[in-house]
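The values are calculated or read from the model by the stated rules, or taken from the named source; none is laboratory data. Given the structure is predicted, the values throughout are model-derived calculations rather than measurements. Note that each Cβ is placed from the backbone with ideal geometry, even for glycine, and that neighbours are counted across all protein chains shown.
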């Protein structure tokens, strides 16, 4: 049989539908008496995306009588008291993500803790005057800068609210998964078996892998991952501005070494995300605080990378555009200058890109960084994960209301198609942008200069972004 | 139209079920739960027949929870096969009794539900024909589903009478079946069986297909009020079902057993009851 053949090869093939029904080690047949507890859904990974997935399902009306488990390797963190100083790990939350968090009641908590809406994004090049400004025509917020801890605090509260449906296992790392044979093989248990580090076992009808870019679920399911380590690390820090300002603009400048971004936290504080070479990143972490602040200000203000040629060519292009489209260039605002850095807030982490060739298999789905990993330059990372959640929850809710088997590939494939269609183009575009902006070579700078200016002048493209 | 149906050798006469037919199904018993196999079209039919049953029942009820919409409802699934329709109804909260004359089907169905403790409790399977359970199940069920069954029944009127006996007054009867038209002969028999070979030749007898007018007439004259008749269409390319205006191929019927609770069972004078209680048919044709 094809199932036996696949087991011999030990690897699920990519192409035929039947091959998505894994033939890994067979789930052992045990008597009902010793059966591990059976859940409808197990979410592996209790970060922002995993917790949000569990919370959204837990608040879904069609999941009212279902059993959900969330596995988190770390301890439960108490977030009753937010420290006065800002955390250095923040995320840019899109309005769509805010809507998702609203749907499970978490956004209200976020608003009552702290967040910073921003109205405008200014992105420009270090090698030229080219600039693009993103702004919504209506007076709505473009997005929100929120500390990751704040999001986790809100999600933890909402998980507590549905504790009768969602069981959270803290300090519980999954160490092994056993996949079922396709459901028409009658004599073995058809569920996914999960083994925890402490020996406890769970069974589930659907396993959702939200365990990050080094996903164990993805590896154990033998889903091929296209990945690439960038030769860059991101340096993060919390910064104090020289003077109080409205601070409702997100700033990003593309340096030859990588983009530097300033994300507003309050009228007097901003969060830094500076993607640069590993060596430079280490340097930034070790130099004294004054030197660090000087580097940041210089990165935003210095024109050292400009060349006359590029400046002239850029200016010519701008006048050409203004003839055709008078409103096509926007006013350049000046970014705030930084006075000091919050002590102990500097940190760095390596950057990479990744995309799983499949998001789903029989009884398995991947969401968030487990499915796709992107460069922070687009500020999209966690929003892609929240988008995955909205889509998967929609399909699972409909499946539950139809009395379907939650692990059935039929609706899981719909989720995969919708999300891959959305994610692949964005991840590819982000990767291309990253590479395009990593150079000082004149032709490429000119290309991106014109491209950026042209994009700035074209409303439809801007809206899509 | 590719139309695959499981032929259940259902006989409501007191003679035993055709052993030749039963053997055919015994061979296929283990194939029930392969979503991409012989029964793929039945699996995908759940995408329209489950919502049809669910929404009809919800529209007639005022007290339900969307997390458990069919909770408290007792359903009889006649000709349940491997349990393809019983399981979703069970997951939606109903207490389901599934009957099928082929023992291997019941064995498959029992084994498949056994791994899910919730389903194992909610669904009971029995190897039996309809008339065998009538005695002990008078006015027991809130709902009967007979999906892809009536086209195999020898005596359709007797079948309907038995349904009426085991159904509570004001209970619902859901039927899906195939029309007897030139089109269903060409597509259902010639193309599906003889040309494409998707359905084993001889599975269907076109003469036993049931036109909706005949089914309606039999229902109305045996104590039922037909509420809905809707055409169904299978798309072999996408493998999915959809609703359509025309009932010239497959169709679904919802009928309600007339009479208030406590009224005597109308086995002796079915036509009299039918005439007294005839109501307008709200159907699409």
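What to note about this one:
Residues are listed down the side, and each one gets a yes or a no for (1) farther than 20 Å from residue A:214 by Cα; (2) surrounded by fewer than 14 Cβ atoms within 10 Å (Cβ to Cβ); (3) modelled with pLDDT under 95; (4) more than 10 Å from chain B (Cβ to nearest Cβ):
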| residue | (1), (2), (3), (4) |
| --- | --- |
| A:12 | no, no, yes, yes |
| A:21 | yes, no, yes, no |
| A:39 | yes, no, no, yes |
| A:56 | yes, no, no, yes |
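- Being surrounded by fewer than 20 Cβ atoms within 10 Å (Cβ to Cβ) and more than 13 Å from chain A (Cβ to nearest Cβ) is a condition met by no residue of region B:45-52.
- Test for residue A:77: is it modelled with pLDDT of 95 or more and over 18 Å from residue A:251 (Cβ atoms): no
- Some residue of region A:232-242 being in contact (Cβ under 8 Å) with a residue 24 or more places away in the chain, in contact with a helix residue (DSSP H, G or I) (Cβ under 7 Å, 6 or more places away or on another chain) and surrounded by fewer than 19 Cβ atoms within 10 Å (Cβ to Cβ): no
- Taken together, the criteria exclude residue A:52 from residues that are at pLDDT below 70, under 20 Å from residue A:206 (Cα atoms) and in contact with a helix residue (DSSP H, G or I) (Cβ under 6 Å, 6 or more places away or on another chain).
- Note on region B:93-152: among residues that are in a loop (DSSP other than H, G, I, E, B) and within 14 Å of chain A (Cβ to nearest Cβ), the one that is nearest to residue B:169 (Cα to Cα) is B:94.
- Yes/no for residue B:134 being touching a strand residue (DSSP E or B) at 6+ places or on another chain (Cβ under 6 Å), farther than 23 Å from residue B:46 by Cα, surrounded by 16 or more Cβ atoms within 10 Å (Cβ to Cβ) and at pLDDT 90 or above: no
- When region A:393-421 is filtered for residues that are part of a loop (DSSP other than H, G, I, E, B) and facing another protein chain (nearest Cβ under 10 Å), the ones remaining, listed by number, are A:402, A:403, A:404, A:405, A:406, A:408.
- Close pairs (7 angstrom Cβ cut-off, 6 or more residues apart or separate chains): under 20 Å from residue B:235 (Cα atoms) and more than 7 Å from chain A (Cβ to nearest Cβ) in region B:28-40, at pLDDT 80 or above and part of a loop (DSSP other than H, G, I, E, B) anywhere: B:39/B:32; B:39/B:84; B:40/B:239
- Options B:148, B:207, B:193; residue that is at pLDDT below 85 and over 21 Å from residue B:74 (Cβ atoms): B:193
- Hits in region B:55-86 (condition: within 15 Å of the chain's Cα centre (by Cα), without any contact (Cβ under 8 Å) to a residue 60 or more places away in the chain and more than 24 Å from residue B:228 (Cα to Cα)): B:82, B:83
- For region B:211-257, filtering for residues that are part of a strand (DSSP E or B), under 14 Å from residue B:163 (Cβ atoms) and in contact (Cβ under 8 Å) with a residue 60 or more places away in the chain leaves 6.
- Residues of region B:232-262 satisfying the condition of being within 15 Å of the chain's Cα centre (by Cα) and within 14 Å of residue B:176 (Cβ to Cβ): B:232, B:250, B:251, B:252, B:253, B:254, B:255
- If the condition is being surrounded by fewer than 24 Cβ atoms within 10 Å (Cβ to Cβ) and facing another protein chain (nearest Cβ under 10 Å), then region B:56-87 contributes B:65, B:66, B:67, B:68, B:69, B:71.
- Of all residues in region A:179-201 being more than 14 Å from every other protein chain (Cβ to nearest Cβ) and touching a strand residue (DSSP E or B) at 6+ places or on another chain (Cβ under 8 Å), the one that is surrounded by the fewest Cβ atoms within 10 Å (Cβ to Cβ): A:197
- Selection status of residue A:155, under 24 Å from the mean Cα position of the chain (by Cα) and either part of a loop (DSSP other than H, G, I, E, B) or at pLDDT 95 or above (or both): yes
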